Amino acid sequence: MLTEKDLQGLAKRGISAEQFESQMKRFATGFPYLRLKGSARPGEGIHVLDEAEQDSAIMRWERFLADGGRAAKFVPASGAASRMFKALFAFADGDVQEAPAGSPVAELVANLDRLPFRAELDAAASRMFNADAAALVAAGRHRDLVKAIIAPEGMNYGALPKALLTFHRYETGNTRTSLEEQLYEGVQTVAADGRVDIHFTVSADHRKLFEEKLAAAVPAVEKATGVKINVSLSEQKPSTDTPAAALDGTPFRDGDGEIVFRPGGHGALIENLNDLDATVVFIKNIDNVVPEARRADTLRYKRVLGGVLMQVHDRIEACVDTLSSGDFGPAELAEIADFMQETLCISAPEIDAADPEYMLAKLDRPLRVCGMVRNEGEPGGGPYIAFNADGSASPQILESTQINSADDEAAGMMATATHFNPVDLVCYIRDFDGEPYDLRDYVDPDTGFISSKSFAGRELRALELPGLWNGAMSDWNTVFVEVPASTFNPVKVVNDLLRPAHQ
């Protein structure tokens, strides 16, 4: 199947022939659905904290920082914003000038003055059409207005990463991109001793743009906050790219006969996280950020999650010390088993039997605390209790594609799910000797998925790696904590910027 030229190409990417063959087999075998024990819910996998418990967690977090603890912020930011402007691209490709009533473009036009990037739009429209945005609207030239937003010769917003789009406009007239808001939020949540570490994952195509923006933004935020910001960038490694397959299951090749590889999805970023020199890491998507005046809940619950992480880590460390010492009896084992079952929500016959070697192995793993929001929309992926390959069951964040909706029992669990995953995590990634865990050892390779894509007008099948907060963290200790919906304000389409949370 592989030619000498193919092997040379694999070697250049850092992919072994064995890894390639294993991935190609996935197109034939697919990925198994996960077997569910149940959806996580309050009292059954999701911890709902009262105000006193929240305050206790915040105190523990503040003590961690006061004692010299350091935390970093990890923000996946490599994605382009093209999907944000899908409706605008469709309209621009049409042959009418005025947007249909009730359409997303009509809503955008009607709220022109509320767009955070209004000044940029006026400049682009004037440059392209000799008229500002208001003049184009008055003339019914909605299509030209849209082109000024997405066209390369205009604002080029359809091709830029979300991180570099203007998200918010303040009463002073100043504006901030989502990247700038993440810098401010990082200062407000994880700064200690007058400094903060923030890491962005970027695409190679946009790295220079990030560097240029950060060169101006970081000094400005440092001046405004008095906090030194250490920003680092990384790209997805070529070794995490995955081969595409033709519809017959053979490697998909381009016009020159080269095997086509695609980025492996956000699961590839486990490699970037693994390279991070940190002990505690907050993870949050680039587009889930609000203006300063609406950030109080976010800041409070960041500290709550961080404090819960430290409280749980304290307890795990005590359990590990006891089990490692050998100085324990039935009462101590029973207490550790109760903690594992009630707080970590792990169930296994070996825990019921209080097997100290098994319990020690389960406790000595990376730890994450994940905020979960009550589900006010359609049921789907989110927090579940799922069975693992070793027969144990534990909290997992699943996508709907990992659940067999044709199975009545699994479908029922999805339909009655109470919470969803907003991607709001804080992680402890060093062991009890202070050494970093090798996070690649805790990935479940059976939790990827296959999707349909196209290349140069030809259909192909794409292989997605286990997601960063899904299968890539499958073998972590996991705690779910309820957080309010006010902490979840993603920008999936451009009109989301018109919502009150972003005004």
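The values are calculated or read from the model by the stated rules, or taken from the named source; none is laboratory data. Since we're looking at a predicted model, the values are computed, not measured. With ideal geometry, Cβ positions are generated from the backbone for all residues, glycine too; neighbour counts draw on all protein chains shown. Side chains included, ligands, DNA and RNA excluded: accessible areas come from the protein's heavy atoms. Shrake-Rupley method; radii C 1.70, N 1.55, O 1.52, S 1.80 Å.
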Next item on the list: Using only Cα atoms, tell me the angle between helix 51-66 and the longest principal axis of the chain; keep it within 0 to 90° and round to the nearest 10.
Entry: 90 degrees
Notebook entry, point to check: In terms of solvent-accessible area of protein heavy atoms at a 1.4 angstrom probe, what is the ranking of Met340, Met414, highest value first?
Noted result: Met414, Met340
Notebook entry, point to check: If only Cα atoms are counted, what is the Rg of the chain, and what is its Dmax, in Å?
Noted result: 24.4, 83
Check: How big is region 269-327 by the Kirkwood estimate over distinct Cα pairs, in Å?
Finding: 14.5 Å
Notebook entry, point to check: Over region 297-453, how many percent of alpha carbon pairs lie in each 5 Å bin up to the one with the longest distance?
Noted result: 1, 8, 15, 18, 19, 17, 12, 7, 3, 1, 0, 0
Checklist line | Two-site label geometry, Leu233 and Ala246: point separation in nm, points 7 Å out along Cα→Cβ | finding: 3.8 nm
Next item on the list: Over region 137-184, give the accessible area per residue in Å² for a 1.4 Å probe, as an integer.
Entry: 36 Å²
Note to self: Quick check for you: with a 1.4 Å probe and neighbouring chains kept, what is the accessible area per residue of region 1-61, in Å²?
What the structure shows: 61 Å²
Checklist line | Where a label projected 7 Å from the Cα of Lys12 along Cα→Cβ would reach, residues of region 245-271 with amide N under 11 Å | finding: 258-259
Notebook entry, point to check: Along the positive direction of the dipole of the chain (beta-carbon charges: Lys, Arg +1; Asp, Glu -1; about the Cα centre), which of Ile397, Pro76, Gly140 reaches farthest?
Noted result: Gly140
Margin query: What is the percent carbon and sulfur in the accessible area of the chain, measuring with a 1.4 Å probe over the protein chains and ignoring ligands?
Written below: 49 percent
Checklist line | Estimated FRET transfer efficiency (Asp314, Glu98; beta-carbon r; R0 60 Å; 0.05) | finding: 0.45
Check: In straight Cα distance, which aspartates and glutamates are under 17 Å from Lys5, not counting same-chain residues fewer than 8 positions off?
Finding: Glu18, Glu21, Asp254, Asp256, Glu258
Margin query: How large is the accessible surface of Arg195 in square angstrom, using a 1.4 angstrom probe and rounding to the nearest 10?
Written below: 90 Å²
Item checked: Distance violations [Cα-Cα > 21 Å] among Lys37/Lys302; Lys12/Lys162; Lys162/Lys284; Lys284/Lys492 -> Lys37/Lys302; Lys12/Lys162
Checklist line | D (Stokes-Einstein, µm²/s), Kirkwood Cα radius, region 399-503, 1.306 mPa s at 10 °C | finding: 91 µm²/s
Notebook entry, point to check: Which whole-number value in Å² is the accessible area per residue of region 323-366, probe 1.4 Å?
Noted result: 49 Å²
Notebook entry, point to check: lysines near Lys228 by alpha-carbon distance under 19 Å, same-chain residues fewer than 8 away left out - which ones?
Noted result: Lys73, Lys213
Check: Using alpha-carbon pairs under 8 Å, 6+ residues apart, how would you state the relative contact order of the chain in percent?
Finding: 24 percent
Note to self: Can you give me the angle between helix 207-225 and the longest principal axis of the chain, using Cα atoms only, in degrees from 0 to 90, rounded to the nearest 10?
What the structure shows: 80 degrees
Checklist line | Exposure ranking of Thr250, Thr343 by accessible area [1.4 Å probe, largest first] | finding: Thr250, Thr343
Notebook entry, point to check: Expressed as an acute angle from 0 to 90° and rounded to the nearest 10, what is the orientation of the C-alpha long axis of helix 178-190 relative to the principal long axis of the chain?
Noted result: 30 degrees
Check: Can you tell me the Rg and the Dmax, both Å, for the Cα atoms in region 181-307?
Finding: 18.7, 59
Checklist line | Under 18 Å from the Cα of Lys208 - aspartates and glutamates, other chains or at least 8 residues apart | finding: Glu180, Glu235
Check: Roughly how much of Glu153 is accessible, in Å² to the nearest 10, using a 1.4 Å probe?
Finding: 110 Å²
